[in-house]
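Below is one structure; the comments refer to it alone.
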Amino acid sequence: MNAIAKVPLLTDDDVKTLTQAGIIPEGTPKSQIAVFGKICAERGLSAFSKEIHLVGYGGKYSVIVGINGFRKIASESGQHAGTDDVKFDVHPDGKFYTAAQLKAEKKLPQSATCTVWRIVSGQRVPFTHTVVFQE
């Protein structure tokens with residue numbers, strides 16, 4: 001089964017529900033919603049499961065794959081070998097905050113670092129990336 005057959009295109013009722021739920025921005029042009037629906041179908045991702053989102057920025061729109069979408073894609077690849085917990089505000093000495101620590105201290109993180117493991121040539125290999133929230 002190909003990806004397009006996995007997720008049907010969005011119906012008018014779907015669009016109404018997703019707009020009311022805040023997943024599709026209010027006032028989004030129908031042509032942009034059609035593009036979003038096609039991308040959902042091509043990628044086999046569901047806006048209802050918050051795997052993919054349509055976000056508006058000053059009259060322009062971006063399709064953003066959410067964490068659940070990336071998890072689905074990784075799982076279906078057969079190469080996903082685990083994901084470490086996110087580390088917030090990693091310092092050069094290796095110290096960092098956990099989400100629970102930040103919540104307890106009522107702090108917002110400045111950065112988040114995550115490692116995803118993938119099977120490459122039979123080996124479990126880490127791929128680490130840091131996001132700076134100011135960006």
Original post:
Summing +1 for each Lys or Arg and -1 for each Asp or Glu, what net charge is found among the other residues whose Cβ lies under 12 Å from the Cβ of Leu18?
Top reply: -2
Subject >> Sulfur and carbon atoms: percent of accessible area, the chain [1.4 Å] >> reply: 55 percent
Subject >> Amide proton proximity set for Ile24, modelled H, under 5 Å, gap of 5+ >> reply: Thr19
**OP:** Counting residues in the chain as N, plug N into 2.2 N^0.38 Å and put the Cα Rg over that result.
**Re:** 1.28
Subject >> Mean separation of Cα contacts under 8 Å, 6 or more apart, over the residue count of the chain: relative contact order % >> reply: 16 percent
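More than 17 angstrom separation, counting every C-alpha pair in region 61-119; what % is that?
Values: 920 of 1711 pairs.
Here the tail beyond 17 Å accounts for 54 percent of pairs.
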Original post:
With a sphere of radius 14 Å drawn around the Cβ of Val125, what net charge do the other residues whose Cβ falls strictly inside it have (Lys, Arg +1; Asp, Glu -1)?
Top reply: +1
**OP:** Per residue of region 111-126, in order, report the coupling 6.51 cos²θ - 1.76 cosθ + 1.60 (Karplus, θ = phi - 60°) as ³J(HN,Hα) in whole Hz, putting x for Gly and Pro.
**Re:** 8, 9, 10, 9, 10, 10, 9, 9, 7, 10, 6, x, 10, 7, 10, x
**OP:** Enumerate the amide H contacts of Ala81 below 5 Å, restricted to partners 5 or more residues apart or on another chain; note that Pro and chain-start residues carry no placed amide H.
**Re:** Trp117, Arg118, Ile119
Subject >> Sum of -39500 (n - 2.57) over DSSP H runs of 4+, divided by residues of the chain (222 nm, nearest 500) >> reply: -9000 deg cm²/dmol
Subject >> Accessible area expressed per residue, the chain, with surrounding protein chains retained (probe 1.4 Å, Å²) >> reply: 71 Å²
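The values are calculated or read from the model by the stated rules, or taken from the named source; none is laboratory data. Quick caveat, the model's predicted, so the values are computed rather than measured. Ideal geometry is used to build each Cβ from the backbone, glycine not excepted, and the neighbour counts take in all protein chains shown. Remember, those area values only see protein heavy atoms, side chains included, never the ligands or the DNA or RNA. Shrake-Rupley method; radii C 1.70, N 1.55, O 1.52, S 1.80 Å.
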